[in-house]
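Notes to accompany the following structure.
The values are calculated or read from the model by the stated rules, or taken from the named source; none is laboratory data. The structure displayed is predicted, hence computed values, not measured ones. With ideal geometry, Cβ positions are generated from the backbone for all residues, glycine too; neighbour counts draw on all protein chains shown. Side chains are part of the model used for accessible areas, which takes the heavy atoms of the whole protein and leaves out ligands, DNA and RNA. Shrake-Rupley method; radii C 1.70, N 1.55, O 1.52, S 1.80 Å.
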Amino acid sequence: RDPIPVARLLTNAASLFPHEPRLTLAGLLSHHRVPYRQSDALTELWPPGGGTARAHFDGLGRFVHWESELRPAALGSI
C-alpha cells in the first residue's frame, strides 16, 4: 500500500498490457480499494495512510510520469 513502488508496478503491468495503461492502473487501484479520480491525462489517488499520488499519461494514453506526496507518520507521545 506504499505509493512509492506503484510507479514500478504500473510500468511493469503496462508492459504486459500495453494498450490500456490507465485501465490497468484503475484495475490495480480498484482491486486494492484505493480511491481515485481519472481523466484522460491524469489519475489522482489517495492511498491509505494519507497523502496523494498522481499518474500522468500522454496524449496516446501512455504512462509518462508518477508523483506522490506522502504525509509524515504521526509521532507517538514521548
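Summary table
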| read-out | value |
| --- | --- |
| Matching residues, region 19-71, being of a type in the set (F, W, Y) and touching a residue at least 60 places away in the same chain (Cβ under 8 Å) | W66 |
| Residues located in region 1-18, provided they are touching a residue at least 24 places away in the same chain (Cβ under 8 Å) and hydroxyl-bearing (S, T, Y) | T11 |
| Region 9-31, subset among the small types (G, A, S) and open to solvent by less than 50 Å² (accessible area, probe 1.4 Å), residue nearest to G59 (Cα to Cα) | A14 |
| Lone unmet requirement of (1) part of a loop (DSSP other than H, G, I, E, B); (2) open to solvent by 60 Å² or more (accessible area, probe 1.4 Å); (3) touching a strand residue (DSSP E or B) at 6+ places or on another chain (Cβ under 7 Å); (4) not acidic (D, E) for V34 | (2) |
| Some residue of region 40-50 being of a type in the set (S, T, Y) and at pLDDT below 90 | no |
